[in-house]
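The values are calculated or read from the model by the stated rules, or taken from the named source; none is laboratory data. Worth saying up front: this structure is predicted, and the values here are computed from it rather than measured. Because the Cβ atoms are built from the backbone with ideal geometry, glycine has one as well, and the counts that use them run over all protein chains shown. When the accessible area is computed, the model is the full protein with side chains, heavy atoms only, and any ligands, DNA or RNA have been set aside. Shrake-Rupley method; radii C 1.70, N 1.55, O 1.52, S 1.80 Å.
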Amino acid sequence: VIIIATYNGGEILRRTLEAYCQQDAPQRPWRLIVVDNNSSDNTPEILRYFCRLLPLVIVSLRNKEKI
């Protein structure tokens with residue numbers, strides 16, 4: 001399991017997820033959990049796109065506190 005937290009980090013997140021797509025998949029099942037802390041940029045769209053390409057689990061926090 002890999003966990004990434006983000007807040008308005010769409011461009012960095014996109015590049016990070018693209019890099020994970022280039023890796024050889026491990027033999028064991030794995031998950032990539034991304035916690036979106038109420039981003040107002042294009043983070044949600046990026047996550048929806050990469051859901052088709054990676055074993056991605058999205059956790060959305062819709063509050064004003066940053067993690």
Just the residues that are free of Cβ contacts under 8 Å to residues at least 24 places away in the same chain and part of a helix (DSSP H, G or I), please, taken from region 12-28.
12, 15, 16, 18, 19, 22
Given the conditions (1) touching a helix residue (DSSP H, G or I) at 6+ places or on another chain (Cβ under 8 Å); (2) open to solvent by 40 Å² or more (accessible area, probe 1.4 Å); (3) not small (Gly, Ala, Ser), every one holds for residue 26 apart from (1)
Residue that is farthest from the chain's Cα centre (by Cα), among those in region 8-23 that are polar (S, T, N, Q) and open to solvent by less than 80 Å² (accessible area, probe 1.4 Å):
8
Counting only residues that are surrounded by 14 or more Cβ atoms within 10 Å (Cβ to Cβ) and either assigned to a strand (DSSP E or B) or hydrophobic (A, V, I, L, M, F, W, C) (or both), region 29-50 contains a total of 9
